[in-house]
Amino acid sequence: MIQVMSSNTETSKGYNFAYLDEQTKRMIRRALLKALSIPGYQVPFGAREMPLPCGWGTGGIQVTASVIGPADRLKVIDQGADDTTNAISIRRFFKKVAQIVTTEKVDEATVIQTRHRVPETALIEGQILVYQVPQPEPLRGIAPRQIESRKLHAYAEYGAMQVTLYEDVARFGYIARIYEYPVMVNGRHLMSPSPIPKFDNPKMQNNPAIQLFGSGTEKRIYAVPPYTSVRSLDFDDHPFEVQKWKQSCAFCGSGTSYLDEVITDDRGGRMFVCSDTDYCAKRRGAQPGTSEVAGSPAGATAGSSS
Amino acid sequence: MTAAAKVATRRILLDVRGVSKSYGGQVGCLDVSFALYPGEVLGIVGESGSGKSTLLACLAGRLAPDTGSIAYDTKERGLVDILSLSEPERRRLARTDWGIVHQNPRDGIRMDVSAGGNIGERPMSIGARHYGKIRAEAHEWLNKVEIDLARTDDKPRTFSGGMQQRLQIARNLVTRPRLVFMDEPTGGLDVSVQAKLLDVLRGLVHELGIAAIIVTHDLAVVRLLADRLMVMQRGRVIEEGLTDQVLDDPHQPYTQLLVSSVLQV
Amino acid sequence: MPARMNTKDIPLQARGLTKRFILHTQGGTEIPVFDGIDLKVASAECVCLHGPSGAGKSTLLRSLYANYKPDAGKILVQHDGSMVDLLAVEPWEVIEIRRRTIGYVSQFLHVIPRVPALNIVAAPAIMNGVDADTAYSAARTLLSRLRIPERLWSLAPATFSGGEQQRVNIARGFIVEYPVLLLDEPTASLDDANRLTVVELIDEAKVRGAAIVGIFHDGGVREAAADRLFEVGQPLVQKRLPNTAAEAAA
């Protein structure tokens, strides 16, 4: 959560708390406040160079760094999993530069940085979900110039976006777009939900948590405040629908979660498992994801170990 | 005679007064005034550089004139100076009550969107959200402009120039605008294709009672489409009147030259 | 019918009509055509403009349609129950007057390519609010009367012979019961049978009260159709001619 940090919170390793300097965090927080006041509106910000390449979550990391405090517990997921390279690297990064406690459990986390998924477990008030966004502009394919796409947002001229859905129905008989499915936020701004599957779109609607979006490459921040309307575009006669699977999760038996297809051998063997590892583990009753406590456990709180 | 009754009380649709626009020392158009009535088709002819395109750009709100006023009879507020409208208001007007047909169809249609999608854009931009109805309307308009329904889902880049131009017209007229601006609508088309386009345009303009301003250097186009004609030279309107009057009995030296320069076939 | 018409009923009237051409492309040559012409055409009357070739008959006829702009004078037309000066009204009003009040049959057919003859003929009626079925049925009747073979009706007249085009043109001019009708050599390229039909059509128009001005080079048609001659010609002297065709023939 946002806490005022004094400027002398440098770590023993010579980094300022959470890597970014306080002026940068202040600038990003201002952008975040503006973004929260105008849900779905893309606020430009001065993205910094981060010690990882563009496209690996530089925007998300800068947002996380600006909102996280020593008492926070951070969860990072990539494609729903906590144990992928990108997720592990980012978690390790924050343990190092902020000495915070990390967790793999949604219920324990106060800040969750995500790439490609919204956790299956319902979020609650007080939690912050930070999305990594490669391309913030939903109108990019429609208005070739940014000056025009910003006008389209300003005047709420979104007919052309609807045309792309029309094209899908004309060609395939249904709206074929399955990820980065455009949403209308608060009945005003068209927004890209980042490359999450459309399966996750309904979770954004009326969510009690704060949802923040950061694109480092495009230098844009946008946000959905708690309990905000987030409607997926559709047609009256072709309503928005999420993906469904014939199978249930091979591990936990969930019939309602987002499933990944896993190839198990070279003879055509395959199975479907939850993409959200924390959710799957919780359903199985196992407890694989313990909190990892960084070097100094000063900020660690109860519940971080189990 | 119902049509006649409708015309009895005519009010001005577009009232243009003293519009001038220059580019530095270069004159674009000079002190142009006229009134356009609903359902009236006005042709503007003149050679390249005579100021007709500048005038059209001013009228369509794309260019701010240096002096003068352009009042349009809006549905909500009656006659309003379009120069006093905010940009979103003007853009809204341009995609609902107006149509703009560009000389090059590339400027007026989305080449990577199917014909049906092109026609559906304007309805969708003003809130149409029923796919079936949008598609039915697209079909109706493809019929009107004589494009085979089998091409509904094809991209315009696979169309001939004449088909592209007819698609552009359908895309513009689908919201039944009251005023359409056309810049050389037949420019760059084969003569045989022009005839079909003109025929389609004429039928639609009459059927829908659309007022239109057509800028062209092709006198045959205005003879066929325009009720009235303005002849421009060096930024000024030098002669105007009924189209057949101006073409058959031109008074100004330049108009006489223009009319006598047309090759007869 | 004519008997019931008010003799004071003058649907078309020209006053002080003056026209000259200035040819700027030919060194500003000025060609005076006529000066101060006064012409009254009564309801149910057919006036034949008469005079040598080049005398300005066509110019006068075109001026009456406001196709040419006279330099001075008035053209008063009864339109919607009041007299309107065709030379003083807005262009859209001229178009309205032409649509409902003044019919014009030109020497040549000017239409867009591609449109079938039947549609060309029916168009003026449809433009006047007649329902399509009635209009097409009337067009078929007229084309039959003017002996245009039925197989041609669905074709565009661009490929028709001169006489056929002219008859399509006549059918188009007579499909609406215009109160004023201007005919520019309607029978020029027609055979005798069709000439007779045109005379019949003119007579029928007169019976319903139309005021007609025409140019008829063919003496037979002139005698059969015209009630009186109106002399047009240099040196800009107008002669009053016998008031009826019968007197003229006498």
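Couple of notes before you dig in:
- Listed residues C:L155, B:L142 arranged by accessible area, highest first, probe 1.4 Å: C:L155, B:L142
- For peptide C:86-98, the mean count of partner chain Cβ atoms within 10 Å of a residue's Cβ comes to 4.
- Rounded FRET efficiency, nearest 0.05, which uses the C-beta distance separating C:V89 from C:I22 and R0 of 25 Å: 0.55
- Cα lying deepest toward the dipole's positive end in the protein assembly as shown, options C:L190, A:Y222, C:V168, charges on Cβ: A:Y222
- If R0 equals 45 Å, the separation of the Cβ atoms of C:H217 and B:A150 corresponds to a calculated FRET efficiency of about 0.25.
- When only the Cβ of Lys, Arg, Asp and Glu is charged (+1, +1, -1, -1), the dipole of chain A relative to its Cα centre reaches about 600 debye.
- For region B:147-212, the convex hull spanned by the alpha carbon atoms encloses 92 Å³ per residue.
- Karplus-derived HN-Hα couplings along region B:157-164 (A = 6.51, B = -1.76, C = 1.60, θ = phi - 60°), whole Hz, x at Gly and Pro: 5, 8, 8, 6, x, x, 5, 4
- For region A:244-288, with +1 on Lys and Arg beta carbons and -1 on Asp and Glu, the positive-most of A:A250, A:S275, A:V262 along the dipole: A:A250
- Estimated translational D of region A:244-288 in µm²/s (Stokes, Kirkwood radius over Cα pairs; 37 °C; 0.692 mPa s): 303
- Nearest-0.05 FRET efficiency for A:D107 and A:R30, computed from C-beta distance (R0 35 Å): 0.65
- Applying the Kirkwood pairwise sum to the alpha-carbon positions of the protein assembly as shown produces a hydrodynamic radius of 32.3 angstrom.
- With the convex hull drawn around the C-alpha atoms of region B:193-237, the volume per residue stands at 71 Å³.
- Ordering A:V262, B:V145 by accessible surface, largest first, gives A:V262, B:V145; the 1.4 Å probe counts only protein heavy atoms, with every chain in place.
- Distance violations [Cα-Cα > 18 Å] among A:K75/A:K96; A:K34/A:K203; A:K75/A:K95: A:K34/A:K203
- Largest first, the residues A:E241, B:E121 sort by 1.4 Å accessible area into A:E241, B:E121.
- Percent antiparallel among DSSP beta bridges (both partners in chain A, rounded to 5): 60
- With eigenvalues of the C-alpha gyration tensor scaled by 5 and rooted, chain A, Å: 31, 27, 16
- The equivalent ellipsoid of chain B has semi-axes of 29, 22, 18 Å, largest first, where each one is the square root of 5 times an eigenvalue of the Cα gyration tensor.
- Peptides ranked, highest mean first, by Cβ atoms within 10 Å: ranges A:114-123, B:101-110: A:114-123, B:101-110
- Net lengthening on full extension, B:R77/B:H217 (0.36 nm per residue, minus Cα-Cα): 46.9 nm
- Overall form of chain C per C-alpha gyration tensor (a/c, 1.5; a/b vs b/c): rounded
- Neighbouring Cβ atoms from other chains, within 10 Å of the Cβ of residues in B:116-126, number 5 on average.
The values are calculated or read from the model by the stated rules, or taken from the named source; none is laboratory data. Quick caveat, the model's predicted, so the values are computed rather than measured. Note that each Cβ is placed from the backbone with ideal geometry, even for glycine, and that neighbours are counted across all protein chains shown. Just the protein is used for accessible areas: all its heavy atoms, side chains included, with ligands, DNA and RNA removed. Shrake-Rupley method; radii C 1.70, N 1.55, O 1.52, S 1.80 Å.
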